[in-house]
Ligand code: SAH
């Protein structure tokens, strides 16, 4: 530690802020060179200590590498913002957020992600749009330190009617930050109606999971809607507030939607009413038990969706998680009618795409069902996946059809 609070003060005469410098190892520098924005604690030689914020980063010879968000308490010490020396002020955030928004131009959605953190080169910043409102997350100590500039940038780039900060993500604990939900600007209602293809649903920005809805599955829901057969029966496991079930109910004769959360199911029921749909049965149950029970009763479905929460929260839990994924997939496959369609996915970062597809193949073999792979998917295009940054590609899905 070579300093502290004092380093952040304006230099004499005032206008410019003197920026603290962090010195990193060759290995740290190589990570940026390879297109990954994180530098870990172990690759930092010299740092300002306990004051998070934006820092200049150099190698040991003093060569400028860029500017980064600095988190003194986190294993991820530095997150690259820019290779340049330009001031990272409110105008910088406005420009960066506006260019992320421009990359989404033409997206036919009322709710979508405008800034996908590392996926948009703005590490630890999430900005979601719900109609005229913005729900944002500041997920690092460095970013929290420049909150006012970021909010000004969001305001100037997107002109929302309100900005809600859903800073209650557990990730903030690693940064030594409090978990809180705060209205930063204007007004954001408790419920915002979202239009998605031919259905509507109510998102809950203040209380719902993530920023109020699972926006990352939007394109997958539309894709499934294209492939779901007309008539017949559909099963939506881990339905949350019915996002897949609503699309299926427009097409199938009857839908069974399953979740352990009574609160989520109640909102699912309201969403069905909003769409005038009366063919969804909401079942509060553990999906593992429900699958066993459906199999025991010899029930069959023309469409099945499996959208579980992340089973592998860490590398250590990978083996157990894979056993869980395989079990639900194998059982779901056995429930398929001939020609039936299964959409299965995993949002565990630790289960990468090839491991996921191996698990699916393994389950198919054990279930005795021949399955045609119709599509391998990820999150929607508003959640860009950078191949150099595997953390941005946490969601993977497979659309399959029972071949006989
Ligand atoms: N498919 C939803 C998102 C699902 S998120 C969408 O597109 O919006 C995962 C859901 O799984 C959560 O709603 C959670 O309540 C539910 N869940 C977690 N464990 C479960 C279990 N064992 N059985 C059934 N539901 C479960």
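The values are calculated or read from the model by the stated rules, or taken from the named source; none is laboratory data. Worth saying up front: this structure is predicted, and the values here are computed from it rather than measured. Virtual Cβ from ideal backbone geometry, glycine too; neighbours counted across all protein chains shown.
Data overview
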| read-out | value |
| --- | --- |
| Residue match in region 312-334 (condition: assigned to a loop (DSSP other than H, G, I, E, B) and at pLDDT 95 or above) | no |
| Residue within region 319-326 that is without any contact (Cβ under 8 Å) to a residue 40 or more places away in the chain, touching a strand residue (DSSP E or B) at 6+ places or on another chain (Cβ under 8 Å) and buried (at least 22 other Cβ atoms within 10 Å of the Cβ) present | yes |
| Filter pass, residue 30 being under 32 Å from the mean Cα position of the chain (by Cα) and either at pLDDT below 95 or surrounded by fewer than 14 Cβ atoms within 10 Å (Cβ to Cβ) (or both) | yes |
| Residues of region 367-386 classified as farther than 20 Å from residue 126 by Cβ and either under 17 Å from the mean Cα position of the chain (by Cα) or assigned to a helix (DSSP H, G or I) (or both), total | 2 |
| Flag for residue 343 being within 16 Å of the ligand (Cβ to nearest atom), surrounded by 14 or more Cβ atoms within 10 Å (Cβ to Cβ), under 12 Å from residue 396 (Cα atoms) and over 17 Å from the mean Cα position of the chain (by Cα) | yes |
| When residues of region 197-227 are limited to those that are more than 10 Å from the ligand (Cβ to nearest atom) and under 18 Å from the mean Cα position of the chain (by Cα), the one farthest from residue 333 (Cα to Cα) | 206 |
| When residues of region 37-75 are limited to those that are part of a helix (DSSP H, G or I) and out of contact with any helix residue (DSSP H, G or I) (no Cβ under 6 Å at 6 or more places or on another chain), the one surrounded by the fewest Cβ atoms within 10 Å (Cβ to Cβ) | 42 |
| Answer residue from region 269-289, given it is in contact with a helix residue (DSSP H, G or I) (Cβ under 6 Å, 6 or more places away or on another chain) and without any contact (Cβ under 8 Å) to a residue 40 or more places away in the chain and is farthest from the ligand (Cβ to nearest atom) among those | 279 |
| Subset of region 205-220 [in contact with a helix residue (DSSP H, G or I) (Cβ under 7 Å, 6 or more places away or on another chain) and surrounded by fewer than 24 Cβ atoms within 10 Å (Cβ to Cβ)] | 214 |
| In region 252-263, the residues that are out of contact with any strand residue (DSSP E or B) (no Cβ under 6 Å at 6 or more places or on another chain) and either part of a helix (DSSP H, G or I) or near the ligand (Cβ under 10 Å from one of its atoms) (or both) | 259, 260, 261, 263 |
| Residues within region 82-106 that are under 18 Å from the mean Cα position of the chain (by Cα) and either modelled with pLDDT under 95 or not in a helix (DSSP H, G or I) (or both), tallied | 1 |
| Subset of region 271-289 (residues that are part of a helix (DSSP H, G or I) and surrounded by 14 or more Cβ atoms within 10 Å (Cβ to Cβ)) | 271, 272, 274, 287, 288 |
| Enumeration of residues in region 349-378 that are closer than 29 Å to residue 97 by Cβ and out of contact with any strand residue (DSSP E or B) (no Cβ under 8 Å at 6 or more places or on another chain) | 349 |
| Count - residues of region 207-227 that are touching a strand residue (DSSP E or B) at 6+ places or on another chain (Cβ under 6 Å) and assigned to a loop (DSSP other than H, G, I, E, B) | 3 |
| Failed condition for residue 345, given (1) in contact with a strand residue (DSSP E or B) (Cβ under 6 Å, 6 or more places away or on another chain); (2) without any contact (Cβ under 8 Å) to a residue 60 or more places away in the chain; (3) within 22 Å of residue 235 (Cβ to Cβ) | (2) |
| Residue match in region 228-251 (condition: in a strand (DSSP E or B), more than 15 Å from the ligand (Cβ to nearest atom) and free of Cβ contacts under 8 Å to residues at least 40 places away in the same chain) | no |
| Selection status of residue 266, more than 8 Å from the ligand (Cβ to nearest atom) and assigned to a helix (DSSP H, G or I) | yes |
| Out of 365, 292, sole residue that is more than 26 Å from residue 201 (Cα to Cα), loosely packed, with under 14 Cβ neighbours inside 10 Å and within 13 Å of the ligand (Cβ to nearest atom) | 292 |
| Qualifying residues in region 176-199 (those that are surrounded by 15 or more Cβ atoms within 10 Å (Cβ to Cβ) and touching a helix residue (DSSP H, G or I) at 6+ places or on another chain (Cβ under 7 Å)) - the one nearest to residue 217 (Cα to Cα) | 196 |
